[in-house]
Amino acid sequence: MIEGGLPTEATVAQVLVSKYADHLPLYRQAQIYARQGIELDRSTLADWVGQASFHLRPLHERLLGKPRQRPKLFADETTMPVLDPGRGRTKTGQLWAYVADDRPWGGADPPGVAYVYAPDRKADRPIAHLAGFKGILQVDVCGRPSECKQNITSEQACGRVLTCVRPRNATSTRRGPLWNAWIGSNSATRARWHSSTC
C-alpha cells in the first residue's frame, strides 16, 4: 500500500481505526508508538492516512453510490470537533450521514449508511453528495410543525421529494442545510409533504 515503505496493510489499518473509530489524533498515536520504542513522526502517519484514503476512495464512492440508487434515503448532519492546527484549538466540522434501511417495511435490500465529512453545513454539500438521486429524501427539517405543513407545497423539484420524518423542538425555528438545499435554494424549489408525524 505504501510504495517503498515498511508498514503493512494491518499497520495502516490500525492507524486509520485509531484515528477515525477511536478518535485518537495522530500526534497521540505517535506518542503511543514512541513509548513502545517506535519513532514515527506525525507527518509520516498523516502520509499513511492520505495514501490509505486514496486507495479506499473507490470503496467510499460505491458505499455512497448504492444508497443513491434507492427510492428512499434518510439524511442528517451532526457537528464534530476537528483539530485546527496553528490555532491551538478545534473547529466545528460536519459529518453527513445518508442511510437506507427498508427492513421495517419488508424491504429486501440490505441496510446501508455512508458518511461524508464537510468543513461546513452549506446547502451545496448535500446537493453534491446526492448528485443523481431521484427518490424520496427524509430529513428532520421541521421547526414548527403546523407552520411547516402550511409552507410546503406539493410541487416536486429536481426529481427530489423532501419528507419531514420528525419534528424539531416545537419552539425551535432552526432549518438546516438540507432544508436550504431542497426548499430554500430558489423560489421554484419546493417539496411534497408526505409525513403525518410532523
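Read-outs throughout are calculated quantities, based only on the coordinates presented, and are distinct from any laboratory measurement. Treat the numbers as computed from the prediction; the structure is a model and nothing was measured. Every residue, glycine among them, receives a Cβ derived from its backbone with ideal geometry; neighbour counts consider all protein chains shown.
Count charges around residue 51 for me, please; just the other residues with Cβ under 13 Å from its Cβ, Lys/Arg as +1, Asp/Glu as -1. Kindly include the intermediate steps, with their values, before the conclusion.
On the way: positive: 57; negative: 3, 9, 47.
Around residue 51, the charge tally is -2.
For the range 1-93, rounded, prolate or oblate, judged on the Cα gyration tensor with a ≥ b ≥ c (square roots of eigenvalues), a/c < 1.5 rounded, else prolate if a/b > b/c?
Cα axes put the range 1-93 in the oblate bin.
Can you compute the equivalent ellipsoid semi-axes for the range 9-62, i.e. the square root of 5 times each eigenvalue of the Cα gyration tensor, sorted largest first and rounded to whole Å?
22, 11, 9
Looking only at the range 68-95, which residues have a backbone nitrogen under 17 Å from a spot 7 Å from the Cα of residue 61 in the C-beta direction?
Counting backbone N atoms under 17 Å from the label point, the list is 68-69.
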